[in-house]
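Chemist: Quick one: structure below, then a few questions.
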Amino acid sequence: MILSYILHGHIPFYSSNPPHPDHLLDTKLKAAPEILNADVNALTAHFDASRLSYSTQALPVNVLLDTLVRPSVDVDEPGCISNIDWRSQPEKAVSHLVFGKSLKPGGQWTEDPWGASWDIQTLSYAAMLSLPGYSFADHHKRTTGEDLPSYTRPTRREIANYFAAYPGAAHIDDAFRCGEELEGISRTTTGFYVRSHNLHCKRLVLASGIFSEVLSPEPVLRPLLETKSSPNVPLLVVGSGFSAADSIISASPNQKILHIYKWSPNDRPSPLRACHQQAYPEYAGVYRLMKRAALAAKTAGKDQRPKYRRATSTPFLESRNWEDLYEGLPNVEVTAVEVHGDLATVTFRRQDGTVFSQTVGGLVYAAGRRGTLDYLDPELRCEVLGQGNQEDPAVTGQTLRAKAIEDLEVALGVYIIGSLTGDSLVRFSYGGCVYAARHLIDGEDTRSDYSSY
């Protein structure tokens with residue numbers, strides 16, 4: 001949506017009132033304020049030595065735009081004034097279309113594959129999820145009549161509604177085609193052809209992301225999809241990340257949980273470990289439950305449920321009788337499932353080889369997502385992914401990372417933005433969009449259709 005906003009003729013310029021807190025960056029940009037023509041390497045060369053905290057993980061172009069859109073947002077959101085001035089320059093607009101499988105703009109934010117509560121708060125603050133021209137604060141004011149409080153973590157429902165409303169509010173909805181899935185995109189002598197829509201375009205921007213496909217349960221677990229959850233029978237949750245935690249947090253207060261997860265804190269820690277208990281009490285609480293169970297499992301007898309001492313608690317951990325409702329099973333393997341009606345008997349094997357069985361009802365398999373480029377034909381997919389990748393269209397955050405570091409034009413006339421670049425946060429999506437927009441605008445000798453998927 002950010003890219004479409006730019007391609008509708010909203011061009012970013014540096015605004016030095018007030019000046020950016022990085023005085024060297026401020027000096028550089030005052031001399032060349034048009035962001036579309038920015039020399040990213042020159043502007044970010046000093047970031048490692050700066051007194052400000054810049055991400056060393058995200059792409060430089062994404063870090064640059066992030067700090068300009070929200071300077072010092074991590075420490076001073078109430079006083080944060082953007083250093084980007086979006087100027088209307090209709091003469092630079094580029095005709096384009098934006099396709100998406102979801103029925104509303106917003107992609108995976110509109111989906112609920114694991115039945116998590118829509119009222120769970122997002123990990124990011126509202127400012128980090130806002131888009132240009134119509135911020136979440138604007139949306140909150142329009143829909144509630146009230147100013148947005150500082151440091152607000154919106155709910156999933158609120159963000160989904162915001163993203164769905166954004167194209168109309170920003171006056172860019174004429175380019176959006178929701179609920180449409182593209183297939184058979186191939187290269188032609190003049191650009192690209194989309195077989196499913198009989199559409200020709202000059203350039204292609206891949207924005208389908210790395211979270212479009214929910215991983216299916218392993219074959220041994222699939223019979224559990226036939227069962228139904230019941231408060232008195234444990235719900236089986238598989239996964240160690242945020243989606244698994246969301247399902248645990250969203251479960252009814254008296255729902256028993258049987259939680260299978262990988263536990264290897266030294267080499268593959270759960271992403272929940274980074275959640276501070278004051279900023280993200282629910283996620284930190286689930287991580288505490290997982291850690292307790294992992295520590296207890298080391299000393300538990302083979303034929304009894306692990307027991308653990310109650311540690312210093314928090315309001316979230318006091319909100320339910322977790323010791324009776326939650327059972328963590330780190331690093332166990334499911335070896336068999338026998339379905340009987342709405343329930344099933346599951347056989348587990350511990351790392352030491354011992355086995356045990358338990359009755360469960362329902363399954364939440366939250367072992368991750370990945371993206372796919374199956375909408376590209378094999379030849380074009382090979383161009384994008386590299387030789388030998390015609391058969392496997394799956395992509396993760398690392399699949400195109402090496403290419404993204406070199407250039408976001410991953411094949412002639414094909415650009416990647418968003419999480420396909422390896423930077424999955426909304427706040428880091430601005431840079432790639434500005435980069436792609438620069439190339440699309442500069443290369444537009446005559447206005448013609450351009451597809452974004």
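The values are calculated or read from the model by the stated rules, or taken from the named source; none is laboratory data. Quick caveat: nothing in here was measured; it's all calculated off a predicted structure. Backbone-built Cβ (ideal geometry, glycine too); neighbour counts: all protein chains shown. Areas reflect the complete protein model, heavy atoms only, side chains present, ligands, DNA and RNA absent. Shrake-Rupley method; radii C 1.70, N 1.55, O 1.52, S 1.80 Å.
Chemist: Inside segment 80-100, can you point out the residues that are in a loop (DSSP other than H, G, I, E, B) and open to solvent by 90 Å² or more (accessible area, probe 1.4 Å)?
Modeler: Across segment 80-100, the qualifying residue is only 81.
Chemist: What residue, of 399, 347, is farther than 20 Å from residue 296 by Cα, outside any loop (DSSP other than H, G, I, E, B) and of a type in the set (Ser, Thr, Tyr)?
Modeler: Numbers: 399 fails: outside any loop (DSSP other than H, G, I, E, B).
Step by step, each of 399, 347 is checked, and only 347 is farther than 20 Å from residue 296 by Cα, outside any loop (DSSP other than H, G, I, E, B) and of a type in the set (Ser, Thr, Tyr).
Chemist: Sticking with this structure for a sec: Out of all the residues in segment 171-184, is one or more in contact with a Pro (Cβ under 6 Å, 6 or more places away or on another chain), within 18 Å of residue 138 (Cα to Cα) and open to solvent by 10 Å² or more (accessible area, probe 1.4 Å)?
Modeler: Taking every residue of segment 171-184 in turn, at least one turns out to be in contact with a Pro (Cβ under 6 Å, 6 or more places away or on another chain), within 18 Å of residue 138 (Cα to Cα) and open to solvent by 10 Å² or more (accessible area, probe 1.4 Å).
Chemist: Working only within segment 257-293, note down all residues that are over 14 Å from residue 247 (Cα atoms) and among the charged types (D, E, K, R).
Modeler: 262, 267, 268, 273, 288, 291, 292
Chemist: Now, a different point. Within segment 18-71, considering only helices (runs of 4 or more DSSP H) that don't extend past its boundaries, which have at least 1 residues that are open to solvent by 40 Å² or more (accessible area, probe 1.4 Å), of a type in the set (A, V, I, L, M) and without any contact (Cβ under 8 Å) to a residue 40 or more places away in the chain? Lay out the reasoning, then the answer.
Modeler: Numbers: elements: 23-31, 40-44, 60-69.
The helices (runs of 4 or more DSSP H) meeting that bar are 23-31, 40-44.
Chemist: Follow-up question, since we're still on this one. Considering every residue within segment 241-260, establish whether at least one is open to solvent by less than 50 Å² (accessible area, probe 1.4 Å), within 26 Å of the chain's Cα centre (by Cα) and acidic (Asp, Glu).
Modeler: Yes, some residue in segment 241-260 is open to solvent by less than 50 Å² (accessible area, probe 1.4 Å), within 26 Å of the chain's Cα centre (by Cα) and acidic (Asp, Glu).
Chemist: Pairs needed: first member in segment 139-151, farther than 20 Å from residue 164 by Cα; second member anywhere, open to solvent by 100 Å² or more (accessible area, probe 1.4 Å); C-beta distance under 7 Å; at least 6 residues apart or different chains.
Modeler: Once the first residue is farther than 20 Å from residue 164 by Cα and sits in segment 139-151, no partner that is open to solvent by 100 Å² or more (accessible area, probe 1.4 Å) comes close enough.
Chemist: Restricting attention to segment 285-299, which residues are open to solvent by 60 Å² or more (accessible area, probe 1.4 Å) and either touching a residue at least 60 places away in the same chain (Cβ under 8 Å) or of a type outside the set (D, E, K, R) (or both)?
Modeler: Residues of segment 285-299 that are open to solvent by 60 Å² or more (accessible area, probe 1.4 Å), as a first pass: 291, 295, 298-299.
Of everything in segment 285-299, those that are open to solvent by 60 Å² or more (accessible area, probe 1.4 Å) and either touching a residue at least 60 places away in the same chain (Cβ under 8 Å) or of a type outside the set (D, E, K, R) (or both) turn out to be 295, 299.
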